Number of protein chains: 2
Amino acid sequence: MMKIRMEDGAGGEGMAKFLESYVLRLLSKRRAGEIGLDELDDGASVRDFIFTVDGHTVRPLIFPGGDIGRLSVSGTVNDLAVMGAKPLALSSSMIIEAGFEGELLERILRSMDDTMREAGVPIVCGDTKVVEEKIGLFVTTSGIGEGNGALMRNIEVIREYRDYPHRFIVDRGLGEGDLIIVSGTVADHGMAILSLRKGIEFESGIESDVAPLWGMIEQAMACGGITAMKDPTRGGLSNALNELARKSGVGIEIDEERIPVKREVLAASEMLGLNFLDMASEGRVVMGVVREYAEEVLRALRRSRYGKDAEIIGEVRGESGEVIMRTRVGGRRVIRPPIGDPVPRVC
Amino acid sequence: MMKIRMEDGAGGEGMAKFLESYVLRLLSKRRAGEIGLDELDDGASVRDFIFTVDGHTVRPLIFPGGDIGRLSVSGTVNDLAVMGAKPLALSSSMIIEAGFEGELLERILRSMDDTMREAGVPIVCGDTKVVEEKIGLFVTTSGIGEGNGALMRNIEVIREYRDYPHRFIVDRGLGEGDLIIVSGTVADHGMAILSLRKGIEFESGIESDVAPLWGMIEQAMACGGITAMKDPTRGGLSNALNELARKSGVGIEIDEERIPVKREVLAASEMLGLNFLDMASEGRVVMGVVREYAEEVLRALRRSRYGKDAEIIGEVRGESGEVIMRTRVGGRRVIRPPIGDPVPRVC
């Protein structure tokens, strides 16, 4: 008899298979608009809105650069933002272990509040359950986002170059010749969590990148031409690029030497025998941009607080559905999506 | 140092205090429209929509008359419905224990699907996390509902009688003279869960009432005059009536002998020394109705599958903010909201 495994909830190919064999197979009503459950995009469309949800079970609750409060608000804000939707309202459902320290809960709620104020979005409804199991705290956030001026401008620009029959920015939106941009160094979040667990956080000095990205993305969209976006969370850049390539039916080629990664993150991942391309970021976005607008979008990203290390890392070429990395030494390597994130309980 | 207690998440007064001292105090952005977090209503308003969320941690996962799948879909459908909103789309976020039986998950997902089809509402987005802690399965559902013809007709009727400045049906909507209706027998769900835990479910024959109520509520609203609604879940009828009375600034008087309750539920609660008025239902609604329309609403409820035992149980009188029960023997007793639901982990 099949049992649920850790990798079934760790992003990557394991989760994709889990979703196909359980959720998509067993639920018969899966959409209310253009984008539903089948698209496995960052959110779904409902009337003129985007609706999204994420459960957060990160361990530990507080980590270098953030905590489960900042993570849960940022995660939902970013899932809306990468579809081009302006975050309007969030919900928060907390499941708390009986005996949990009130002081720690207060610290986490203050961090949620700071992040909400930074992102300009309220929590309008919520729920609380207290359980005996030794879980610490789980926080599930859902959110509603709406169309906006920057999104409309962005789509108008795309339509000067090709058909774009979507009202939001979708994973399957990439087209031939688009350039691929990543908004900053990758894998910081995953490595910050892992360093802490391995007891090397002080030597490494690595902090999570967790941040709410709506402001940055709004400014980038105002330039125009962003055809697809994802936040490279569970499964990292490998998973995000593979999802975009597969859903869009295109090939993506990236240059190893152009991928922004902190020296210490690269060193730590090599020391631990892990591929930083598979590791989560929580304050980054990877996007395809109509070639003619890529430089302008890049400049807009670099002007923003969370986008100063943005780089063009590659382009869309052909229809292979695969991701190819041109290595530093001149080789070509297929980048596969990982089975699951190499860091369990990363978000 | 304060620690979080079971009663902080069990509905009732304990949870109300927890929400005031943590959530409402620490979060500074709490609304996107007329109804926000402060109202502690069944959902919040966002543009022309209602947004709601609930986490489900019920034990056991399968119980007489239902399971966590039917419960989670019904819970969110009903939170939308009691505000008069037609359910448009749900999200589902599952946190699953590693090693959970795939067959059991399949059974629960099939039950979610049955309930979604019954309610006519899709799950459009979701998330899955797998954890090592021995939790079984937690399901958090959120939902979006919208204004509709029955709601508009309902509010038009109220406005023939008095001011009703709300666009949805709100907890604070009760007015002098309204009659109080409950749509069926109370406490079935709580007692079904408790009987199972006490090992007396076969003798008791009690089944949960868990059901999605949009269809029934739509037909009742089409008659008109429903001024406030709640589903009496955690904390039961005591808690629901007290919330309505306090928020509306009115007194509620109910007649003990008119409260529908199954003989076996009453017997089991007396045997266990519990007050059935404090125990959860998951397929019932309690409502205030403009007196002139109460009989018509009652008939509409009784025509519906889940409303055949509906009764008028009392009326709104005065401004005490309290709930008074006229007892079978001619006395008057104040009904206080419980500190928490007498059945832990009831939903």
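Here the calculated FRET efficiency for B:Glu176 and B:Arg333, from their Cβ-Cβ distance with R0 = 22 Å, stands at 0.50, rounded to the nearest 0.05. Compute the Cα gyration tensor for the protein assembly as shown, then decide on rounded, prolate or oblate, letting a ≥ b ≥ c be the square roots of its eigenvalues: rounded whenever a/c is under 1.5, prolate when a/b is larger than b/c in the other cases, and oblate in all that remain. It is prolate, given that a/c is not under 1.5 and a/b is the larger ratio. Going from the residue with the fewest nearby Cβ atoms within 10 Å to the one with the most, B:Phe202, B:Phe51, A:Phe100 rank B:Phe202, A:Phe100, B:Phe51. Ranking A:Asn275, A:Ala240, A:Val316 by Cα position along the charge dipole of chain A, where only Lys, Arg, Asp and Glu carry charges on their C-beta atoms, puts A:Val316 farthest toward the positive end. Straight Cα distances below 22 angstrom link A:Lys230 to the lysines A:Lys17, A:Lys86, A:Lys247, A:Lys262, A:Lys308, B:Lys129, with same-chain residues fewer than 8 positions distant left out. In this structure, A:Arg299 and A:Leu266 have a Cβ-Cβ separation that, at R0 = 30 Å, corresponds to a calculated FRET efficiency of about 0.70.
Could you tell me what percent of the DSSP beta bridges with both partners in chain B are antiparallel, to the nearest 5? Don't skip to the end; give the middle numbers.
Numbers: 42 of 54 bridges.
Around 80 percent of the beta bridges assigned by DSSP in chain B are antiparallel ones.
Shown in residue order for the range B:35-43 are the 3J(HN,Hα) couplings computed by the Karplus curve 6.51 cos²θ - 1.76 cosθ + 1.60 at θ = phi - 60°: 10, x, 5, 4, 5, 6, 8, 6, x Hz (x for Gly and Pro).
Distances between equivalent label points of B:Glu101 across the copies, with each point positioned 7 Å along Cα→Cβ, amount to 3.9 nm, shortest listed first. Under the rule a/c < 1.5 gives rounded, and otherwise a/b versus b/c splits prolate from oblate, where does the range B:126-177 land using the Cα gyration tensor? Since a/c reaches 1.5 and a/b is larger than b/c, the shape of the range B:126-177 is classed as prolate.
Magnitude of the charge dipole for the range B:6-146, about its Cα centre and with charges confined to Cβ atoms of Lys, Arg (+1) and Asp, Glu (-1), is about 220 debye.
Plainly put, the tip 7 Å out from Cα toward Cβ on A:Asp38 is 4.5 nm from that tip on each other copy, the closest given first. A Förster radius of 60 Å combined with the Cβ-Cβ distance from A:Asn275 to B:Glu319 puts the calculated FRET efficiency at roughly 0.35. Peptide A:98-104 is shielded by partner chain Cβ atoms: per residue, an average of 5 of them sit within 10 Å of its Cβ.
Label-point spacing at A:Ala267 relative to the other copies reads 7.5 nm, in ascending order, each point sitting 7 Å out from Cα along Cα→Cβ.
Compute the separation of the alpha-carbon centres of the range A:317-334 and the range B:108-160 and state it in Å as a whole number. Their Cα centres are 43 Å away from one another. If only the Cβ of Lys and Arg carry +1 and only the Cβ of Asp and Glu carry -1, the dipole of chain B around its Cα centre is close to 360 debye.
Near the amide H of A:Ile324, within less than 5 Å, lie the amide hydrogens of A:Ile252, A:Glu253, A:Ile254, A:Ile335, all on another chain or at least 5 residues away, with H placed in the peptide plane.
Summing charges over all other residues whose Cβ lies under 9 Å from the Cβ of B:Gly235, with Lys and Arg as +1 and Asp and Glu as -1, gives -3.
Each residue in A:Cys347, A:Cys125, A:Cys223 was given a count of other beta-carbon atoms within 10 angstrom of its own, and listing them fewest first yields A:Cys223, A:Cys347, A:Cys125. Structural descriptor for the range B:149-335: relative contact order 37 percent, calculated from alpha carbon pairs under 8 angstrom and at least 6 residues apart.
Between B:Ile200, B:Thr140, B:Leu40, the Cα set farthest toward the positive side of the dipole of chain B (charges on each charged residue's Cβ, about the Cα centre) is that of B:Leu40. Taking other Cβ atoms within 10 Å as a rough exposure proxy, A:Asp341, A:Asp113, A:Asp178, A:Asp255 sort from fewest to most as A:Asp255, A:Asp113, A:Asp341, A:Asp178. Comparing mean-square fluctuations of B:Ala32, B:Ala280, B:Ala268 from a GNM of chain B with C-alpha springs under 10 Å, the top value falls on B:Ala32.
What net charge do the residues around A:Gly149 carry, taking every other residue with its C-beta under 10 Å from that of A:Gly149, with Lys and Arg at +1 and Asp and Glu at -1?
+1
Each Lys and Arg Cβ is given +1 and each Asp and Glu Cβ -1; about its Cα centre, the protein assembly as shown then shows a dipole of about 20 debye. Among the helices of chain B, those built from whole DSSP H runs whose Cα atoms reach 20 Å or more along their own axis and whose mean Kyte-Doolittle hydropathy is at least -1.0 are B:102-119. Selection among B:Ile158, B:Phe168, B:Ser183 by position relative to the dipole of the range B:153-213 gives B:Phe168 as farthest towards the positive end (Cβ unit charges, Cα centre). Assuming a ≥ b ≥ c are the square roots of the Cα gyration tensor eigenvalues, decide whether the range A:156-276 counts as rounded (a/c under 1.5), prolate (otherwise, with a/b larger than b/c) or oblate. In terms of gyration-tensor shape, prolate.
Taking a sphere under 13 Å around the Cβ of B:Ala222 and counting the other residues whose Cβ falls inside, with K and R at +1 and D and E at -1, yields a net charge of +1.
Quick note: the coordinates plus some simple rules give every number you see, no bench work behind them. Remember, predicted model here, so these are calculated numbers, not experimental data. A quick note on method: Cβ atoms are made from the backbone with ideal geometry, for glycine too, and the neighbour counts reach across all protein chains shown.
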